[in-house]
1. Can you list the strands (runs of 3 or more DSSP E) lying wholly within segment 3-78 that have 1 or more residues being in contact (Cβ under 8 Å) with a residue 40 or more places away in the chain and either among the charged types (D, E, K, R) or farther than 30 Å from Pro107 by Cα (or both)?
2. Could we say that Glu68 is touching a Gly at 6+ places or on another chain (Cβ under 7 Å), loosely packed, with under 14 Cβ neighbours inside 10 Å and either modelled with pLDDT of 90 or more or of a type in the set (D, E, K, R) (or both) here?
3. Which ones in segment 92-125 are charged (D, E, K, R), without any contact (Cβ under 8 Å) to a residue 40 or more places away in the chain and closer than 22 Å to Leu34 by Cα?
4. For Glu117, are the conditions met, namely being in a loop (DSSP other than H, G, I, E, B) and either modelled with pLDDT under 95 or out of contact with any Leu (no Cβ under 6 Å at 6 or more places or on another chain) (or both)?
5. Which one is surrounded by the most Cβ atoms within 10 Å (Cβ to Cβ), of the residues in segment 13-44 that are closer than 23 Å to His95 by Cα and of a type outside the set (Gly, Ala, Ser)?
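The values are calculated or read from the model by the stated rules, or taken from the named source; none is laboratory data. Everything numeric here is computed off the predicted structure, so don't read it as measured data. All Cβ positions, even for glycine, are placed from backbone atoms using ideal geometry, and neighbour counts span all protein chains on display.
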Amino acid sequence: MHEYSLADNLIESILPRLASEGVTAPGRVREVVLRLGALEIHSEESFAQAFAMRSAGTPLAGAVLRLEIVPGHIHCDRCDRDEVVGPDDADPHSHAPVMPCPECGTPCRVEGGRGIEPVDLVLED
């Protein structure tokens, strides 16, 4: 259900922009490019499915969803290791996820990997 909520919020944030540009007919948007934190979703496929279902009947209907996934990261103060963190590495439900350093086991706070930002909308000619 989380992906559906994200899709709803995204669509609600894009539709006013499209309406202000006179884009109101279903299917007018060919592609939606998003920058999305890796810890925001459980899977790209489920988010794309939620977007497709929720955008039906809107100018976004049928648009290809292209995601630029932004990973989270940790830095261990104890051993100085830096590590990229994906959705399988940390609890995406936690607002302040912590995971053990893969090198020494010290608990490290996961930084980044959050947020959703529309980057580009490609319209039909």
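1. In segment 3-78, the matching strands (runs of 3 or more DSSP E) lie at 29-37, 64-70.
2. No: the conditions fail for Glu68.
3. Answer for segment 92-125, where residues must be charged (D, E, K, R), without any contact (Cβ under 8 Å) to a residue 40 or more places away in the chain and closer than 22 Å to Leu34 by Cα: Glu111, Asp125.
4. no
5. Applying the filter and picking the extreme gives Leu39.
For (1) within 16 Å of the chain's Cα centre (by Cα); (2) closer than 30 Å to Pro16 by Cα, each residue gets a yes or a no:
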{"position": "Leu67", "(1), (2)": "yes, yes"}
{"position": "Ser94", "(1), (2)": "yes, no"}
{"position": "Pro100", "(1), (2)": "no, no"}
{"position": "Gly105", "(1), (2)": "no, no"}
{"position": "Gly115", "(1), (2)": "yes, yes"}
{"position": "Asp125", "(1), (2)": "no, yes"}
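Condition check ((1) more than 21 Å from His2 (Cα to Cα); (2) not acidic (Asp, Glu)) across all residues:
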| residue | (1), (2) |
| --- | --- |
| Arg30 | yes, yes |
| Val33 | no, yes |
| Leu60 | no, yes |
| Leu65 | no, yes |
| His95 | no, yes |
| Cys104 | yes, yes |
| Cys108 | yes, yes |
| Glu124 | yes, no |
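Conditions tested, residue by residue: (1) in contact with a His (Cβ under 8 Å, 6 or more places away or on another chain); (2) farther than 21 Å from Glu45 by Cα.
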site	(1), (2)
Cys79	no, yes
Asp82	yes, yes
Asp91	no, no
Pro118	no, no
